[in-house]
Each structure stands twice: as structure tokens, then as C-alpha cells.
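Below: one structure, written as C-alpha cells.
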Amino acid sequence: MTLKPLLSRLLVVLMISMAGIALAAPTQKHDAKADAKAAKTEANESGKAMEMPKAEVPGEVLLAPGADVKFPDESPSGGSDVATEAVDPNPNSKKEEGGPMHSAIKWILFIVLILFVGVLLQLNNVIGLLGEVSGKAAVNWGKWNPRIMLIFMLGFLFATIWEMDHDSQWFLPESAAEHGKDIDYMFDMTTWFILIVFFITQFALFYFPYKYRHNPEKRAYFYAHNDKLEIIWTVIPAIALAVMITGGLKVWNAITAPPPPGTQNIEVYAFQFGWKARYPGVDKELGKHNFRLINGENDLGVDWTDGKSHDDIITQEIHLPVNVLVNFKYRAKDVIHSAYMPYFRSQINVVPGVPTNFWLKPTITTSEMREILQKKGRKNAAVWDYYMFCNKICGSAHYNMKIKMVVETQAEYDKWLNAQKATYVSMNEPEAPAAPAETTPAPADSTKKDKKIALLN
Amino acid sequence: MSHDTHTAHDAHAEEHHHHEETFISKYVFSMDHKMIGKQFLFTGILMGVIGMVLSMIFRVQLGWPEANMSFLKPVLGGWINDTGKLDPSFYMGMVTIHGTIMVFFVLTAGLSGTFSNLLIPLQCGARDMASPFVNMLSYWFFFMSSVVMMISLFLSTGPAAPGWTIYPPLSALPKAMPGSGLGMTLWLVSMILFIGSALMGGMNYIVTVLNMRTKGMSMTRLPLTIWSFFLTAVLGLLSFPVLLGGCLLLLFDRSFGTMFYLSDIPAELTGGIERLGGSPILFQHLFWFLGHPEVYIILLPALGLTSEIIATNSRKPIFGYRAMIMSLLGIAFLSFIVWGHHMFVTGMNPFLGSVFVLATLIIAVPSAIKVFNYLATLWRGNIRLTPAMCFAIGLVSFFISGGLTGLYLGNAALDINLHDTYFVVAHFHIVMGTAAIFGMLAGIYHWFPKMYRKRMNDKLGYLHFWLTILAAYGVFFPMHFMGLAGVPRRYYAFNLLEEFDVWTDLNVFISVAAIIGGFAQLIFLYNFFSSVLKGRPTEQNPWGSTTLEWTAPIKHIHGNWEGDIPTVYRWPYDYSVPGAEHDFIPQNVPHEGDLIEPNDHQSYRSPGGGGGHTDTHEVHFSVPNFFKKLFGLKPATA
């Protein structure tokens, strides 16, 4: 092989690299500026969206098939900022990048990346040719690969430790519910076991190819089996797992046991794309419900003919008194949702037609948790709140389906509860009050009371 | 051991040599298992690229949720709205199709289909599969199923979007989201075709392994690849029909007004009659009854390929051949009784949950045994790091990482806070999306000379490996921490919820790593296709491997061997046998002296041909002997 093909390849590599750099540099700069501007404009947008009154708008939010796919404009929980952008674009926002120039830049970047791969491929050829010119292989992969394995292993194990430390600032703090302590204990125990196994095996895995790297002069050690070893490394994991199983099942049985007597019930109702809570009121019992009663005015399908429902309070927030057992009774309107409260170590699916429940005892109030998060360095800890998130794909706005939760002292909770009006009462008031914060607006139709329906509960 | 069918089939093979082969019969509607294997490979790679491109797009969305994505308009059209935001329902559609393509089309058909077809007849010593015609059908059903799935991406209402797990009622009610309309119906049609393909293929593999092994090839002389393909096919045959049933019932619920999975759904939401009396949880049981064996259908072939590659490239027998078979059997059996661990938080009976916890954590034991056996195989080996070997070692690394996090998820109490979070996403991507894919790539690098009679470029292979392993760990390792903090999966964006906004920077890192990993695969694609066209020609047995496929001639012939099929005299792991001339002895090389009859005991210990191994005890230690001595019985002598 002569020098000519080698030089021509080097030239190609240089040209492509320069073209790539020439295209990439201004692209990045331009892009960074554009992104900063875009981010700022959107920050303004989201600020505006948050201020809009959260009027509860009843009604179906399911999308008809073939409909022009837009967001439901009404989103009872939290205001989907992206949706507002899409449906109601602020004329000011059109100033931001979006035109053909912006697209062209991104596509050029894409081509640059592909060219870069081409550069790597050409470099590979260059190295091969260099080897041929000089008479021996340019890179002795037999020598270098094992070394890279060793370096990779050391870097990998180090990165694991570093990341566990670095990301720990965002880990969940101690459990805010009593049963969570047992879960966290099991978790820590499992982690110790796993880390030991992880480090030993990953070390061995990448060290052996280095230590026993290929030597054509030598033979490997013919060692086909050792039943004693097999038994040892069957029994030891089995024992460790038995410990994890028994510990885990004890905790599981405690959590999934029926709620202790005296536990307060709160119904939590999931729908696309929000949550509502129904408190049982003074009689401490929830009124019956029936899915056939679900309509615009009666989103939860409460059976208002049942006397027990007359003092029920439907709310848009969940308030809980600290250190009091509460049992969440879940119902869904349309599809499977999941009630996920990571701080309380609580999750259970909310399935239409299959009532579920999860009981717990909150032990840390919102203000106490804010202090804990402040100490951990979480930004905006002073305005942080507990939330329940939907955790089972339920449609387009699944990512923005949440309900605020507040854990407070018994006194604050009583104060809040007494300030709420029973939904039945507000429904039947002579004139509908203006903008009620948490109750259904329209007065109930008198014909509804006449319906006799087989009751489900 | 049906040696008779061997001779009958041999005669049958003679007839085939007189067939005229046209382009169509050789390359399109081929009934030759080697060609069908390549067809599966091509389609699998194509679907893999599509699945990867989808993931790039939604990684861009997750990494830069505020960014203007109008540059994607030429590709995605109306799915990017006027302000440059990706449509959330199309995002979910992409996530769904990505999952479906990767799990079924790439890792089941592309992995099992390719290597089972290529290797089962060759490593068992058979002329072809038991039914070449059904084999051909199995590929074309797979092809049709891929076409239908691709068509669903182009619908105006979008592809199926309720996640690859398609839980009803979201998937059963067309009004619930746009992706539950025609896209969902096409998904079901595609999967029904796919299941047909899987069942046909599976039947072929099982019958061939059981009935068509060559003379001397007892079950305990089979390479571990064949054991894993065989058990995979059994898993598939027993579990895919359940998914078929589940999908059919879902079709009925969608189109015929039935109520298998629906209850308490008012008429307005169904667009028809109200639904009462069914249970969405029924679907989950039916789905996961396949779903869990499915992930082992994905994993077992990858492990089988790895066993072969690690043994060949360490020049050592795979440590504990019998224990490896036992663990494969254990994993296969246990995989049928653990499906409920995907459903711990559905509200099912807690006692049932406990049963699933027990079975799930037990399945960790055979998996651990396999890892330790791989490490013991490497120990004191003479390790040759070919690209295939690098990927095999990478697989073991990801299998360790992913398997260990499974211990959290299998424990129901811990699963409460981790279910459907990024912890789960990290876990299954590491075991399936990297470990199994690495197995597939290792298999491609290792058996490329067999498939295409040429060698791939090793240097590009190393580059591909190092970039991919770094990118893969860079993408999926940080996701564990997101999951631990409670970040849910299948979320279109995190920046709306203050709680999850803190993960923005990490999401950028993950997206960048994902994009780098994606581009690194271009190196592989270039290497693969340029080597097919103009790679350097291979030699007969480039890796010095003992198994039968390397004794077949380099040029593919219908019927695999020109004369008689080789007879097998020993197990497949006679590497570095003390006293032997070369550092490997192929399976078809006879012992000095008499032909030794296939017998589990002796073939495993491979006496003759070099003195076996270094055991000097008069009574050889073995598990049966251990228990015999324990109970005061006389142990067997060697």
C-alpha cells in the first residue's frame, strides 16, 4: 500500500471535521440563544397560566376519535401549561424561533453528527493503513482491549459510587407515613446485599479478561465443574433471599391488612385528568354511589337519594390530620389510574368497577416536611406541597394529573373541614353562589330524586 | 433416539438437490433455515432501527421539553403543533410502538428467529428444520405483522398509544384517547399475526431438537445454545396462546360490545351501550401470563449465545454444564408462576401477591447460578477478546446490574413505591434493552462468518462496543435514581410538576447519552452491511469452536453437509483438554479406541481424548454421590 491512499483519507477526514466544526459552532451558539429566549417566553406563559382561576368545569374530557388532536381546554387540576400553549398561544410567543431557519439548523446538526460517524469510520481506515505502512499493526487490540476493560471497570465502579452520592440530594426523605418506615428498612437491607454482590461480580467480570488475557503460548485451565461450589453459591443466595422474602412479606401483610377499626374513610375519585376527594362529613359515612348517575352535574355519581350523602363534602384538595389513620377508598370513572404518593410510600391502582383502598397514618405535617426538604437543599422548599400523582397511563394528559395534599395538625384540619360546605347543601341552595371553590355549581334536578337504581358500593 | 429418522431424512435431502432454484425460491420464499434466519435478522435489524429512531424522538422531548420541535415537522407533520410542541398523544403512541417493536419484533423474532433458525439444525446435526414450509410461513407471518404495525404509525388518529401493555379500559374504549382508535385495532391484528409466527416457529424448533439430532448427539451433548432455544420455544408455545386469547377478547370488547374487561363504564364513554360486570384486571392476568415468560423468551436465547461465545473465547469449557441446564430449566419453569409481580399494586388479593413474591425472588437463584458459572468460566481461561466476546461480557455485566434491581421490584412491599416509576424503566431496559440486545449483537458478530462467509471488521466492532456500553450505562443507570425519587414513567414531560422538575439536568444527560448511543449503532450498521458486501472471506472455523455448525462447508448448501451428517462423540466443551494436541477438540472427532455410547454420565465427563480433568479422588464428587454419602449409601465410582 502506498502513501497516496493514506494521505487522501487523511485529507477527507480533515475536510469533514472542518466542515462539521464550521457548521456546528455557530449552530450551537444560535441555538443556545434561541433556547434561552424560548425558555423565557414560556416561563412567562406558565406564570400566566397559573394565575387563571381554577374553575371546575364539569363534563366529558374524552376525545372523539379522529378529532383534531388538541388538549382538553379544561384541566381541573393544576393547569397544564403546555396545553394552554398549544390551544391558546399567546400572540407574543410567535416571536420565538420556529421558522425554517431554526429547523434548518437542527437538521444540519443531525447531518454533522452523521458526518462525525463517517469521520470515525475514516479514522479507522487511516489507522489500518498506518499500520500497513509501518509494517506492524497500528493498535495492538489484543493488548489494549483488556486494559480498556480494566479502566472501564474502575471508572464504572467509581461512577456508581459517585452517582449514588451526587443524586442522593434528590432522594425521598424519610417516610411521611408510619408504614413507610418498615418499607425503607427493607429497602436499605436489600441495598446492602445488592451492593456487595454488585461490586464483587462486576469487579471479577472485568478483571478476569485482563488478568487472563489471551496468550497463544499458554493453555487455559480445564475446569469443567465443581458441584460443591455450585451448592455453595446456590445455598448462600437462597438464604439471603429467604431473609428478604420473610422480611418483605411481613411488611406486605401489615400494609395490605384490613384497616384497623376507627380508621377514617376518604373517597378519592379519579377521572381523566384529575382527582376529587369526598369526605364523609359528620355522620362519618360516605353516601352510596352508582356509575349510572354520572353526568355533568354529578361527576362522582353520588346517589343523592341516600341520606348519608347529604353531608358529604367533595373537595379539590385532600387534607389530612397528622397521626390519624386514614383509609383512602378509590374509584375511577373511565380508565385505570393509579394513586401514587411517593412521600407516603403509597400506591394502588384505581380501577373502574374494581374498588380498591389503601390506608396509612401520616406522621409528618406539610410544614415539618418543608423544613426537612429545606435542610436537604431542595429549592423552593418553603412552598412545597404533598401531591398525589396518577401513575398508570390514562390518556394524553396523564403527565399532569395530580391533586394537592396537606397534612396538618388536628386543629388546622378541623378548621379547614368546618369551612367546607356539604356538596348536597350547596347544590340545593336557592341561587348558585359565584365561583364556589370546591363544590359542584349546578343545582340538582328534582327528577333525579325519583330514579330508583340498584345501588352498588 | 430416533436415529432412523436421520437416515430417512438424509434420503429426503438427496431429492432436494435436484430442485431448480429461482431468485424467488432462494431469497424470497426460501425454505432453507439458513436463509430464513437471515430474513429474520434483516427484518429484526430494520425494526430495531425504527424503534431506536422513535426513542430518539421522545428522548429529545424528555430532555428538552421547552424546546421548539418544529424542525421535526418534515418527519412528523401535524404531530408537531404550531408552537413547536410534540403532541402528547403521539408521544404516547411512539412510546407504545417503541416498546412493542423492541420487545416482540426485535428481541423475540429478531433474536430467537434468527439464531434458532440458523443454529438449531446446524448444531443438532440435521439437514433442515422439521418442517421447512412451516418455517417459511413463520417468517412471512412475522413480515406481515411488521407491515401492519408500521402502517399503524401513519394513521391520522395515530398508532396505538396506551403503552405496550395496552391495559383496558384505556385500550378498549376508542373514545378514551386518539391512540385507542384504529391504531389499537391494527396493533391487535399485527400481534395476532405475530403470535401465529411465533407459534409456528416454536413448534418447528421443539420438534427439530427432540427428533432430528444426529447420531451420538444426546440431549446432554447439546450446546447450551440449543438448550436455551429449545426451552425458549417451549415457553413461547405455552404462553403466546394466552396473549392471543387476551387480544381476541379485547377486540370483542372494542368492536362487539362485550364486557370481558369493562365494568361501571357509562354509555357516554363507550359511545354505545354501558358496560358492567367485567374486570380490567382479567386482561392484566392474561397479558402478563404471556408477558413474563416473554421476557425470558427474550433473555434465554441471549444467555445461550453468551454461554457459547464465552466458552469458545475463553478456550475453556463452560463451567458447570449440568448446573447451567438445571438453571435454564428452573428459570423456564418458574417463569410461569411469577406473572403477578407486574400487578402487585392492582389491588389484587394480598395473599396472591405473597405467592408471587415468593416465586419471583426464588427465580433469582438460578439466575445467580448462571452468573457465577460465567465468572468461573472466565477464571483461569485464556481469554480472547473478539467483539463478540466483548458484547458477551457486556451482557453479563448488564444482567448482573438489572437482575439485582429486580430484587427490589419482586418484593411487593418495596414495589409499592417503585412500580411504574423510572426504576422499573431502568430495570427492564437494562435486562432487555441492553443485556438481550448485547446477546443479539454478540451472536451477530460471532456467527457472521457462518451466515455470510465473510468476516466483520474487528476494529469497528470494538469501537461499536465501547461506545455502546458507555452510552447504555449512561442512559439507564441514572434512571434508577429518578425512580427512587418517585418520578413516574410514561410521562410526556416533567417540567410541569415542580416535584420532578429537579430532574431536568439529568434528563438532558440521559438524552445526550441516548443520542450518542443511537449514532454509535450507525457504526455497526456500516460494518454489517459493508462486510456482507465486501468483507474479507472467512476460514472454515475462524473461532476454533467445537460445535457442529463449523464443520459444515463455508458455502451454504441445501442440506448443510455434502456427504453424511457428522456423528458426535463428545460434549461440546472440549477446550484446552490436558494432553490434547490442539486447544479444542470438535464434537465429531472420535475418541481413540471404541466408540463410546451416548450416556449422560460419561459424555459429561468426556473421558478419553486426554484424561479428563484433574480429579484424583477415587470416588468422584457429584451431587448424587453427595446425597448418597449423606444417607449412608454407597456412592458410585467414576
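The values are calculated or read from the model by the stated rules, or taken from the named source; none is laboratory data. Because the structure is predicted, anything quoted here is derived from the model rather than measured. Here the Cβ positions follow ideal geometry from the backbone for every residue, glycine too, while neighbour counts run over all protein chains shown.
Brief remarks follow.
- Selection within the range B:336-355 - surrounded by fewer than 24 Cβ atoms within 10 Å (Cβ to Cβ) and more than 8 Å from every other protein chain (Cβ to nearest Cβ): B:Phe336, B:Ile337, B:Val338, B:His341, B:His342, B:Met343, B:Met348, B:Asn349, B:Phe351, B:Leu352, B:Val355
- Test for B:Ala472: is it within 7 Å of another protein chain (Cβ to nearest Cβ) and among the small types (Gly, Ala, Ser): no
- Checklist (1) part of a helix (DSSP H, G or I); (2) touching an Asp or Glu at 6+ places or on another chain (Cβ under 6 Å); (3) not hydroxyl-bearing (Ser, Thr, Tyr) applied to A:Arg370, failing item: (2)
- Looking across the range B:314-328 at every residue that is of a type in the set (Gly, Ala, Ser) and over 21 Å from the mean Cα position of the chain (by Cα), the one that is farthest from B:Leu224 (Cα to Cα) is identified as B:Ser314.
- Sole exception among (1) of a type outside the set (A, V, I, L, M); (2) under 18 Å from A:Pro321 (Cα atoms); (3) not in a helix (DSSP H, G or I) for A:Gln347, by number: (2)
- Of all residues in the range A:163-188, those that are surrounded by fewer than 15 Cβ atoms within 10 Å (Cβ to Cβ) and modelled with pLDDT of 90 or more total 5.
- Single unsatisfied condition, A:Leu286 versus (1) outside any loop (DSSP other than H, G, I, E, B); (2) more than 30 Å from the chain's Cα centre (by Cα): (1)
- Search result, residues across the range A:240-283 that are in contact with a helix residue (DSSP H, G or I) (Cβ under 9 Å, 6 or more places away or on another chain), surrounded by fewer than 17 Cβ atoms within 10 Å (Cβ to Cβ) and not in a helix (DSSP H, G or I): A:Ala257, A:Val282, A:Asp283
- Failed criterion for A:Thr365 (all others in (1) more than 8 Å from every other protein chain (Cβ to nearest Cβ); (2) within 26 Å of B:Arg490 (Cα to Cα) hold): (2)
- Within the range B:478-503, tally of residues that are in contact (Cβ under 8 Å) with a residue 60 or more places away in the chain and more than 7 Å from chain A (Cβ to nearest Cβ): 7
- Qualifying residue in the range B:410-424 (condition: surrounded by fewer than 23 Cβ atoms within 10 Å (Cβ to Cβ), more than 7 Å from chain A (Cβ to nearest Cβ), in contact (Cβ under 8 Å) with a residue 60 or more places away in the chain and in contact with a Gly (Cβ under 7 Å, 6 or more places away or on another chain)): yes
- Residue among A:Leu300, A:Leu360, A:Leu293, A:Leu325 that alone is assigned by TED's automatic domain parsing to the domain that holds A:Ile393 and within 15 Å of A:Ala422 (Cα to Cα): A:Leu300
- For the range A:210-220, filtering for residues that are over 11 Å from B:Trp379 (Cα atoms) and more than 7 Å from chain B (Cβ to nearest Cβ) leaves 2.
- Complete set of residues in the range A:191-209 that are over 14 Å from B:Thr405 (Cβ atoms), surrounded by fewer than 16 Cβ atoms within 10 Å (Cβ to Cβ) and either within 9 Å of chain B (Cβ to nearest Cβ) or touching a helix residue (DSSP H, G or I) at 6+ places or on another chain (Cβ under 9 Å) (or both): A:Phe199, A:Phe203
- Scan the range B:552-575 for residues that are in contact with a Gly (Cβ under 7 Å, 6 or more places away or on another chain), hydroxyl-bearing (Ser, Thr, Tyr) and crowded, with 24+ Cβ neighbours inside 10 Å and the total you get is 1.
- Selection within the range B:136-175 - assigned to a loop (DSSP other than H, G, I, E, B) and closer than 21 Å to B:Gly77 by Cβ: B:Leu153, B:Phe154, B:Leu155, B:Ser156, B:Thr157, B:Gly158, B:Pro159, B:Ala160, B:Ala161
- Residues located in the range B:329-354, provided they are outside any helix (DSSP H, G or I) and farther than 14 Å from A:Asn349 by Cα: B:Val338
- Scanning the range B:210-234 for residues that are farther than 22 Å from B:Ile310 by Cα, modelled with pLDDT of 95 or more and buried (at least 23 other Cβ atoms within 10 Å of the Cβ) returns a single hit, B:Ala233.
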